[in-house]
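Working notes, beginning with the structure itself.
The values are calculated or read from the model by the stated rules, or taken from the named source; none is laboratory data. The shown structure was predicted, so the numbers you read here are calculated from the model rather than taken from an experiment. Note that each Cβ is placed from the backbone with ideal geometry, even for glycine, and that neighbours are counted across all protein chains shown.
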Amino acid sequence: MIYNKYNYYRNTYAVFKEVEENQLPFIKWQYTSKSGSAYFYTKEGVYRKSNHWGRAAKCRWVLQKGNETYISKGRIHIGYALWEDFHNNDEGSATYFIAVDFENKIVAYKHKSHDTEGKEVYRTAAATRKLIEKTKRILLHDKWAKYYEFDDLEVKRRQLILDLITS
């Protein structure tokens, strides 16, 4: 399906790249939603200014700043996504996988369209969200470690996480 300003908000997944306000090529937003998000459309994509990222109505729109992906409410961020960055988001089908950056301790869900090697395990959005919570607990905390015997905490952490997300 080809997405544009008339259909991008219907059950889609997209990763918006964060943009600083002083980099915007316009002055006035074209549309403001009931929830307060503002939009500006271009031929190539859409700008979005919002304080909620992750789930937006029946869409999954995440914000990426460098290597970090935001799925949160709170502070206002501005993002830009190309029309080609939008994909169908069927909540009941297994279309998401978990990506882990062990070095920077970042866990994110990604759409199967970003699986370049075809080796990832796909799950529904709800199952992926639950597994991300477990993965973050192992990645960011050490409380679980007292139940295991190991020589190297980071090696054990990596092993547990990889077992979790690939099964």
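Details
- Any hit, the stretch 122-129, residues being of a type in the set (A, V, I, L, M, F, W, C) and within 15 Å of residue 161 (Cβ to Cβ): no
- Residue in the stretch 24-44 that is within 25 Å of residue 140 (Cβ to Cβ) and in contact with a strand residue (DSSP E or B) (Cβ under 8 Å, 6 or more places away or on another chain) present: no
- Within the stretch 1-36, restricting attention to residues that are part of a strand (DSSP E or B) and touching a residue at least 12 places away in the same chain (Cβ under 8 Å), the residue that is nearest to residue 83 (Cα to Cα) is 14.
- Answer residue from the stretch 43-61, given it is more than 17 Å from residue 87 (Cα to Cα) and surrounded by 14 or more Cβ atoms within 10 Å (Cβ to Cβ) and is modelled with the lowest pLDDT among those: 52
- Unmet requirement for residue 150, which otherwise passes all of (1) assigned by TED's automatic domain parsing to the domain that holds residue 39; (2) in contact with a helix residue (DSSP H, G or I) (Cβ under 6 Å, 6 or more places away or on another chain): (1)
- Search result, residues across the stretch 19-56 that are of a type outside the set (D, E, K, R) and over 20 Å from residue 7 (Cβ atoms): 19, 22, 23, 24, 25, 26, 27, 36, 51, 52, 53, 54
- Residue check, residue 39 farther than 22 Å from residue 120 by Cα, part of a loop (DSSP other than H, G, I, E, B) and either over 16 Å from the mean Cα position of the chain (by Cα) or modelled with pLDDT under 95 (or both): no
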